[in-house]
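Written below as structure tokens is the structure these notes are about.
Computed from the coordinates by the stated procedures, all read-outs in this text should not be read as laboratory data. Note that the structure is predicted; figures quoted are calculated from it, not measured. All Cβ positions, even for glycine, are placed from backbone atoms using ideal geometry, and neighbour counts span all protein chains on display.
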Amino acid sequence: MWDALISSFFIISDPFRMGMLMLGVSIGIIVGILPGLGGLMGMALVLPFLFGMDAYAGVAMLIGIAAAVPSSDTFPSVLMGIPGSSGSQATVMDGYPMARKGQAARALGAAFSASMIGGVLGALALTALVPFARPVVLMFGAPELLMLTILGLSMVGVLSGNRPLLGIIAACVGLTLGMVGGAPAAPEYRWAYGNVYLFDGFSLVIVALGLFAIPEIVDLLARGGSIAQRGAVLGSGWLDGVRDTLRHKWLVVRHSLIGVAVGAIPGMGSSIIDWLNYGYVVTRAKDKSQFGKGDVRGVIAPEAANNAREGGVLMPTLLFGVPGSSSMALFLGALLIFGIQPGPALLRDDLDLVFVIIWSLALANVFGTLICLALSRPISRLTFVPFRYIAPVVLCIVILGAWQETRHVGDLITLTAFGLLGWTMKRIVMPRPPLLVGFILSVLVERYLWMSYNLYDWDWITRPLVLAIAMLCVVLVVGGTMMKQRVQVAESAKEVNPAPVVAGTQRAQVGETAKEVDRVS
Amino acid sequence: MSHDAQRLQQMMRTAFVLVVVALAVAVIWTAADFRRAARLFPVVAGYATLAICALELMRQFIRRRLLAPEGDDVSTADIAIQAEESGLDGLKRGLGVFGWVLGYMALIMVLGMPWATVLFVPLLLHLRFQSDWRATLGIVLGLLVLMWTLKTFLMMRMPPGLLNLPLLP
């Protein structure tokens, strides 16, 4: 194994292959910066050029794209409150408020450094787990996958602030909207009314852009001025963000490992991992008061997990030939173009290639992050430009991103409709993240519920791993609620009776003065 | 936030919950025609939604009428709206801007993306914001270059519109 690890480093060090890796990183950064486009689009773009190419170079380029997108999609999330891709939705929650306070460079610095560490940890985890991952992944059947999706749904409580019922209602709306189109458990189109556009249901990209991008553009234009609030300064830059990441190093490690573990389960999309980690960091934090208002931990945790996820996603892809995500399906296609058969035989016959993939992942994360860090300060100055000049550009890119989904006029109508829904929800303080979580998990919950019921009747409830994940759900929900209540009680006590501290201080000051008077006299 | 703005927000929130109730009833009602496997989840989710909406309406009634008639502060893990935008004036301003976005979408559907952009950007910047014409021209040209780049190098397609007018090579 060590021989393969070293020899694969020399393989990837070839200037042409390294150039292809850098090209992939550059494409990934561009695609990530444009809202609505993601790794899937970037990979689809280069797929026709892979025929006849050296396999190692082609694989390096594809991994370069996959690794760079989760880093660069942070730019629109932090600077404009628009998710750059489905994997950076949760970053908006705290990254954007930081940008509005004039701390865009700090937020970006923290996000990119956490991304880099997360990405490298993902690659390391992939290296370490390659020999042992197979039995672990095989432990997860339909009931366990169902419980994991329910674990994702239980985060709704955490994302709902002081009104959990409003959050659950929003999640129910999301679940309902996710039911439109083909039913996962039966040959039936629900609420499509013969409209071909609705047969596949609503696109996640369009729903996310509509819910978050359009309302933000409308509100910023209506308010006037720039994204950063009047009087705010850019902040002392990205180095502060890097320091934040280093200060929260265990947070980065914890969420990177969660990203790898959840990413290794096929079907757990980047958006699920993103929200899961955001919810988890809020639940575990002692001081929750700044979440949603610009807490740097809300940026670090999802970003670290998001990049680490790529290491996890590669596990089922390489070990079983089961694509861990939609972009990995294209990656599998690329491997087949090169005549490589993914699966257990890959580890036996072509270990060099596996380690080239791992090296590419680690190097692409480092290069991608360095480029993004270099760009963070100049790009974050955009937050001080009057938004009326930025709005047409952003609106144009958002519409183009949405249009690429199916290139049907329905994309524009859906974008507008979800924009109106998101804007209304924002105005009436209905939390939008739970709606998105419900929408994302709707199909998965229904599919796994039906599969579990068909395969095991209701006996699946008693499976040990199911019970363990159920316990985790309960602990997270109950623990989160209790902690929230404790914080609220402490805050209200502070508001009602701030006197003891002040009085105590005053008493101490009076005492000091009296002592001084005594000493003088 | 002013008392009026808060009342407006509360009324709109109640209206939203009532719309969700109507949606849940419609889901349960129409799902009756589906096969069992396609019906199970919508019906379960629909009834759950109804129950939660009922709880929320009850909570709103008790809190606003009995416990704290003067206010019902809600804070959620979402990007908060600015205080100055929360009143009726802010609502009107927002709706006005949303009208512009709708207009842009309508123009795209009729004229296609490039022509719609050439028309929309100067109209928005001059009629709504009285901007400098040089900035307007720069943004329009920049957007056309961006669209051409995306079309040429990323093979992205632009919405052609009903008239399908050619502008970009």
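Below are the figures for this structure:
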| quantity | calculated |
| --- | --- |
| Cα long-axis angle, helix B:113-123 against chain B (0 to 90 degrees, to the nearest 10) | 80 degrees |
| Distance violations [Cα-Cα > 23 Å] among A:LYS293/B:LYS92; A:LYS288/B:LYS92; A:LYS249/A:LYS426; A:LYS101/B:LYS92; A:LYS293/A:LYS426 | A:LYS293/B:LYS92; A:LYS288/B:LYS92; A:LYS249/A:LYS426; A:LYS101/B:LYS92 |
| Full-extension gain in nm, B:ASP4 to B:VAL43, via 0.36 nm per residue minus C-alpha separation | 10.2 nm |
| Modelled FRET efficiency - R0 30 Å, B:ARG134 with A:ARG381, Cβ distances, 0.05 increments | 0.90 |
| Ranking of B:VAL145, B:VAL25, B:VAL140 by count of other Cβ atoms within 10 Å, fewest first | B:VAL145, B:VAL25, B:VAL140 |
| Contact order relative to length of the stretch B:3-67, as percent, for alpha carbon pairs under 8 angstrom and 6 or more apart | 36 percent |
| Cα→Cβ-extended label distance, 7 Å offset, between A:LEU239 and A:PHE199, nm | 5.9 nm |
| Residues with amide H under 5 Å from that of A:ARG190, placed H, sequence gap 5 or more | A:GLY181, A:GLY182, A:ALA183 |
| Inter-centroid distance (Cα atoms) of the stretch B:90-128 relative to the stretch B:133-152, Å | 16 Å |
| Efficiency of FRET between B:THR14 and A:TRP2 - r from beta-carbon atoms, R0 56 angstrom, step 0.05 | 0.30 |
| Whole-number percent relative contact order across chain B, with pairs defined as alpha carbons under 8 Å at least 6 apart | 21 percent |
| Inter-probe distance in nm under a simple model that places probes 7 Å from Cα toward Cβ, at A:ALA417 and A:LEU336 | 3.4 nm |
| Chain B: angle of helix B:3-31 to the longest principal axis, Cα-based, in degrees nearest 10 | 80 degrees |
| Residues A:VAL437, B:VAL17 arranged by fewest to most Cβ contacts within 10 Å | B:VAL17, A:VAL437 |
| Built amide H within the under 5 Å cut-off of B:MET156, gap 5+ | B:LYS151 |
| Inter-label distance, nm, simple model (7 Å from Cα along the C-beta direction), B:VAL25/B:PHE153 | 5.6 nm |
| Relative exposure of A:HIS408, B:HIS3, judged by other C-beta atoms within 10 Å (fewest first) | B:HIS3, A:HIS408 |
| At R0 = 60 Å, FRET efficiency that the Cβ-Cβ distance of B:LEU127 and A:PHE10 yields, to 0.05 | 0.45 |
| Cα gyration tensor shape for the stretch B:83-153, rounded if a/c is under 1.5, else prolate or oblate | prolate |
| Gyration tensor (alpha-carbon) shape descriptor, the stretch B:3-67, a/c threshold 1.5 | prolate |
